[in-house]
Amino acid sequence: MHLDHDHTMGGHTHEHHHHDHDCGGKCSGCGTPCEHTPMEELTALMKYMVGHNASHAKELADLAGQLEKLGNHVAYEQVMAAVSDFEKGNMRLSVVLASLEEK
């Protein structure tokens, strides 16, 4: 499976890339033989997702700040509540990542 897409938010473009390693024995990025176990690949993907989610949480908080500056306090509060929920979910993923990195 290979999934790529870009999106722009707040003037920043974000790439989403997922690639199940069906690369014919060569990593596309470096051309070297693939010697990653499925667990190593899942751990790397989880690490990427945790960082990516943190970036999105910050972007949402910035957006909330803009709403507050424009006088829309209700929208600000709702977006900040969503940021809090987002961060809680990412914390759960961070715990999973830590356990994967220990093994």
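Quick notes
- Residues satisfying the stated conditions in segment 58-73, i.e. under 30 Å from Ser99 (Cα atoms), open to solvent by 40 Å² or more (accessible area, probe 1.4 Å) and not hydrophobic (A, V, I, L, M, F, W, C): Lys58
This table checks each residue for (1) basic (Lys, Arg); (2) open to solvent by less than 70 Å² (accessible area, probe 1.4 Å); (3) touching a strand residue (DSSP E or B) at 6+ places or on another chain (Cβ under 6 Å); (4) modelled with pLDDT of 95 or more.
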{"position": "His2", "(1), (2), (3), (4)": "no, no, yes, no"}
{"position": "His12", "(1), (2), (3), (4)": "no, no, no, no"}
{"position": "Ser28", "(1), (2), (3), (4)": "no, no, no, no"}
{"position": "His56", "(1), (2), (3), (4)": "no, yes, no, yes"}
{"position": "Ala75", "(1), (2), (3), (4)": "no, yes, no, yes"}
{"position": "Phe86", "(1), (2), (3), (4)": "no, no, no, no"}
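The values are calculated or read from the model by the stated rules, or taken from the named source; none is laboratory data. Everything numeric in this text was worked out from a predicted model, so none of it was measured. Glycine also receives a Cβ, built like all others from the backbone with ideal geometry; neighbour counts cover every protein chain displayed. Surface accessibility is based on the protein's heavy atoms, side chains included, excluding ligands, DNA and RNA. Shrake-Rupley method; radii C 1.70, N 1.55, O 1.52, S 1.80 Å.
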